[in-house]
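Chemist: Below is one structure. I have some questions about it.
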Amino acid sequence: GSQLDDATLRAIRASSFAPIFNGHTKGEAPLRFQGRDWSWAPRVEALIGEALREAGMMVCNDGVSNKRVVDAYALRSLPCTSGPDDADSAARLGRQPFHSDAPEPENLGAAVCDLADADVPLSAMLAIQEGTVLWMCPDGCGESADAGARLVDVRVGEIIVWRGDVVHAGAGYAEEHFRVHAYVDPPARIYRRPKGRTNRCAG
């Protein structure tokens, strides 16, 4: 597991948060926020990186270059249902639009779909609170996205890792909830991630 000490957990929760997209209709208050602070982010990025190195997930296709963990953000969700017994309905009600995290690169390098498997950028989420879940959609975008979506449970201290081109969506929560999301990128000569962009599914 990747447990964090109490001081780091307090620092994560005390981050300055700003709204991020979550599919709420215009005029509704946002439910999902992200925050980052130097008091905890480098430490958490190092922890995630070490866990992924131990799992053999950081070495690029050339066998020499390594990916690195960047831009770890705390994610904070506000309740979207009336109480903790509504966790299942909250997960669907507050779900983000389906998307993937790796848009086409800013440079003129290979498209993500043309990269060797070991070079594909990754995304990671560290569970720091019970009840952490994530919608994964192995069938990709399209009419079957909703029908094929699966809700994955992530236990406290676990890190879920997925390819940057895998379609997924953050879940809604019945209670205030915190977790940490990070990107795992190869060297920029292989792939340069566009800042602040995702691949949103149409519809």
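The values are calculated or read from the model by the stated rules, or taken from the named source; none is laboratory data. Computed from a prediction, not measured in an experiment: that's the story for all the values here. Glycine also receives a Cβ, built like all others from the backbone with ideal geometry; neighbour counts cover every protein chain displayed. Ligands, DNA and RNA are excluded from the accessible area calculation, which covers all protein heavy atoms including side chains. Shrake-Rupley method; radii C 1.70, N 1.55, O 1.52, S 1.80 Å.
Chemist: List pairs: first residue in the range 85-103 and among the acidic types (D, E), second residue assigned to a helix (DSSP H, G or I) anywhere in the structure, Cβ distance under 9 angstrom, at least six positions apart or on different chains.
Modeler: D86/L93
Chemist: In the set V70, V112, which member is at negative phi and either within 16 Å of the chain's Cα centre (by Cα) or surrounded by fewer than 17 Cβ atoms within 10 Å (Cβ to Cβ) (or both)?
Modeler: Just one listed residue meets the conditions, V70.
Chemist: Also: Using the structure shown, decide if A118 is over 21 Å from Y191 (Cβ atoms), touching a Gly at 6+ places or on another chain (Cβ under 9 Å) and open to solvent by less than 60 Å² (accessible area, probe 1.4 Å).
Modeler: It is false that A118 is over 21 Å from Y191 (Cβ atoms), touching a Gly at 6+ places or on another chain (Cβ under 9 Å) and open to solvent by less than 60 Å² (accessible area, probe 1.4 Å).
Chemist: Taking only the range 157-203 into account, find how many residues are in a loop (DSSP other than H, G, I, E, B) and not polar (S, T, N, Q).
Modeler: 25
Chemist: For the range 32-44, give me each residue that is open to solvent by less than 30 Å² (accessible area, probe 1.4 Å) and more than 12 Å from F178 (Cα to Cα).
Modeler: Answer for the range 32-44, where residues must be open to solvent by less than 30 Å² (accessible area, probe 1.4 Å) and more than 12 Å from F178 (Cα to Cα): W40, A41, V44.
Chemist: Do we have A124 as of a type in the set (A, V, I, L, M) and not in a helix (DSSP H, G or I) here?
Modeler: Against the criterion (of a type in the set (A, V, I, L, M) and not in a helix (DSSP H, G or I)), A124 qualifies.
Chemist: Could you run through the range 145-168 and say how many residues are in contact with a Pro (Cβ under 7 Å, 6 or more places away or on another chain) and either open to solvent by less than 10 Å² (accessible area, probe 1.4 Å) or β-branched (V, I, T) (or both)?
Modeler: The total comes to 1.
Chemist: A further question on this structure: Which condition does A171 not pass, out of (1) open to solvent by less than 10 Å² (accessible area, probe 1.4 Å); (2) within 23 Å of G63 (Cβ to Cβ), if it passes all the others?
Modeler: Only one criterion is unmet by A171, namely (2).
Chemist: Would you confirm whether any residue within the range 150-160 is more than 28 Å from D5 (Cα to Cα) and over 13 Å from the mean Cα position of the chain (by Cα)?
Modeler: Within the range 150-160, one or more residues are more than 28 Å from D5 (Cα to Cα) and over 13 Å from the mean Cα position of the chain (by Cα).
Residues are listed down the side, and each one gets a yes or a no for (1) at pLDDT below 95; (2) in contact with a Phe, Trp or Tyr (Cβ under 6 Å, 6 or more places away or on another chain):
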| position | (1), (2) |
| --- | --- |
| D119 | no, no |
| S123 | no, yes |
| L126 | no, no |
| C137 | yes, yes |
| E158 | no, no |
| G164 | yes, no |
| A174 | yes, no |
| R189 | yes, no |
| R193 | yes, no |
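Chemist: Can you tell me how many residues in the range 46-89 are in a loop (DSSP other than H, G, I, E, B), closer than 25 Å to L4 by Cα and of a type in the set (D, E, K, R)?
Modeler: Final tally of qualifying residues: 1.
Chemist: Can I ask one more? What's the number of the condition D139 fails, among (1) in contact (Cβ under 8 Å) with a residue 60 or more places away in the chain; (2) over 16 Å from A91 (Cβ atoms); (3) in contact with a helix residue (DSSP H, G or I) (Cβ under 6 Å, 6 or more places away or on another chain); (4) not in a strand (DSSP E or B)?
Modeler: (1)
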